[in-house]
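Read through the structure below, which is laid out as structure tokens, and then see the notes.
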Amino acid sequence: MKSKKIILVVFLLLAVTFSFAQEKTRKQLRKEKQIEKARQTSILIDSNEFVFVANKAFPLGFRDIDLTTNPNFIEFKPDFIRSEMPFFGRGYSGIGYGGDTGLKFEGKPSEFTIEKGKKTYEIKAMVRGKQDVFKILLSVFFDGNASLTISSNNRSTISYNGEIAKIEKKGDK
């Protein structure tokens, strides 16, 4: 009778031990999540079609501005770039008083390159707007977060932090 209890206790201890051994630690789960996010980001960059949505703006010489309640985006495609980004900063010329609509432009980029670095993807583009030329530098980290810098002839340089995502088609919602 005593040996049956010992065998039962040993069996239960082994069952409990093996069940806990199957669970992954938080560190392992976090690492797997990072790997999956990096894979998704890589697929998105390789498709050459994605959208950047900013959550903060960093105008030159001013404090950072929260954009979470301000709709904004810049769509990247190799043959077409469309921007609806707000602008905060100094305008030099070609901008009428009160008529500034932000960094709203669209067109075929005269330059569009994607380079993979050690920690980021660097996307460089140049788009000619109606009255200005926009130089765009987008640094995308492997976790999907990104930093965008836009410089132009008629305005001061401005930077944004945000993330990239898949371009939503009208019927995808």
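Listing for the model above:
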read-out	value
Residue 156 paired with residue 9, simple spin-label distance in nm, labels 7 Å along Cα-to-beta-carbon	7.6 nm
Per-selection metrics, the range 108-173 (Cα): Rg and Dmax in Å	13.5, 37
Gaussian network model of the chain, springs between alpha carbon atoms under 10 Å - residue of 81, 123, 65 with greatest fluctuation	65
Neighbour cut-off at most 15 other Cβ (10 Å), DSSP loop, chymotrypsin sites (Phe, Trp or Tyr not before Pro), the range 65-154	92, 97
For the chain: relative contact order, % (alpha-carbon pairs under 8 angstrom, 6 or more apart)	21 percent
Unit charges on C-beta of K, R, D, E only; dipole of the chain, Debye	1000 debye
Among (i) 15.8, 54; (ii) 15.7, 48; (iii) 24.8, 96, the entry that matches Rg and Dmax of the Cα atoms in Å as calculated here	(iii)
The range 111-149: trypsin sites (Lys or Arg not before Pro) falling in loop per DSSP and having at most 13 other Cβ within 10 Å	118, 119, 130
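All of the numbers you see were taken from the coordinates with simple rules; none came from a lab. On a predicted model such as this, the values are computed, not experimentally measured, just so you know. All Cβ positions, glycine included, derive from the backbone under ideal geometry; neighbour counts span all protein chains shown.
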